[in-house]
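Any read-out appearing in this document is the output of simple, stated calculations on the displayed coordinates, not a laboratory observation. Given the structure is predicted, the values throughout are model-derived calculations rather than measurements. Cβ placement follows ideal geometry from the backbone for every residue including glycine, while neighbour counts extend to all protein chains displayed.
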Amino acid sequence: MNDLRTALGLLTIFPARYDASRISARAMVWYPLVGLLIGAALSAANVLTRLVLPDLAAAVLVVALWAILTGGLHLDGFADACDALFAATTRERRLEILRDVHLGAFGAAGLILLLMLKAATLANGSWASLFLAPILGRWAIVFAATFPLARREGMAAMFVAGLTRREILIATMLVALPCGIFGWIGLASFVVAIGLALFIARLGLNRLGGLTGDIYGMICESIEVAVLLVGCMPIW
């Protein structure tokens, strides 16, 4: 249970106590389950807010709740990654930018566009996508952890050091069930999640020499938006 508490404590604001000195890759097994809890909470909030508010206003409130529940963890990583990956500079400078606490132009623009897309897709999309987005976003972090790291220090290194096929397989099984329940939209979301995770991971490898915790954040947030976009497609 310590591994589940670790995953819950790291990925949400829920008061789950865990021993930071005993963090291991086993906690990553539970990332999709934490995503499921977030997805369930957001889905419930989406239903309740739409009872009393217009769709767009309800969507904005749900996006705000999304950020609050996760402590803005991956939003921060997304913004930092935008600043580093899209700057026209050297690999060494990009790694320095990731350590910088200040928000740059690329980070600010990316963050605004990301939140706008989340609100717009929530207002017009499928509730199934809202449920699946946090699950697939956090599973993608486990998938991305199979790629080399840009740095050998930090929390990301602590997780990746002990990651085995067992953790990856269990995490994938935990995400396959909810995706399967939603049929074609679940399958399409899973395929999109894999493709986008691979693209961002390759971008991180090319421009940074490996992945970092901020790149994991970008992968999570980007996949959440991509899954919401899948839910907006008129084919469903």
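Odds and ends about this structure:
- Taking Lys and Arg as +1 and Asp and Glu as -1, the other residues whose beta-carbon sits under 12 Å from that of LEU122 total 0.
- Gain in span if fully extended, ALA109 to ALA157, counting 0.36 nm per residue against the direct Cα distance: 14.4 nm
- Taking Lys and Arg as +1 and Asp and Glu as -1, the other residues whose beta-carbon sits under 13 Å from that of CYS82 total -4.
- Projecting the Cα positions of GLY72, ALA27, ALA40 onto the charge dipole of segment 8-114 (unit charges on Cβ atoms of Lys, Arg, Asp and Glu, taken about the Cα centre) puts ALA27 furthest along the positive direction.
- Stretchable slack from LEU51 to ALA67, in nm (0.36 nm times residue separation minus alpha-carbon distance): 3.6 nm
- Highest average first, the peptides 25-31, 205-211 ordered by how many other beta carbon atoms sit within 10 Å of their residues are 25-31, 205-211.
- Each stretch of four or more DSSP H residues adds -39500 (n - 2.57); spread over every residue of the chain, this sum gives -24500 deg cm²/dmol at 222 nm.
- Estimated FRET transfer efficiency (ARG99, ALA176; beta-carbon r; R0 22 Å; 0.05): 0.05
- Assigned charges on the beta-carbon of Lys, Arg, Asp, Glu; segment 94-236 dipole about Cα centre (debye): 260 debye
- Close amide H contacts of LEU211 (hydrogens built in the peptide plane, cut-off under 5 Å, sequence separation of 5 or more or a different chain): LEU149, ALA150.
- J(HN,Hα) series, segment 217-232, from Karplus relation 6.51 cos²θ - 1.76 cosθ + 1.60, nearest Hz, glycine and proline x: x, 5, 4, 4, 5, 5, 5, 4, 5, 4, 5, 5, 5, 4, x, 8
- Oblate is the label for segment 10-150, because a/c, from the alpha-carbon gyration tensor with a ≥ b ≥ c as root eigenvalues, is 1.5 or above and a/b does not exceed b/c.
- Likely footprinting exposure, MET158, MET233, fewest C-beta neighbours within 10 Å first: MET233, MET158
- Near ALA58: Cβ cut-off under 13 Å, other residues only, Lys/Arg at +1 and Asp/Glu at -1. The net charge is +1.
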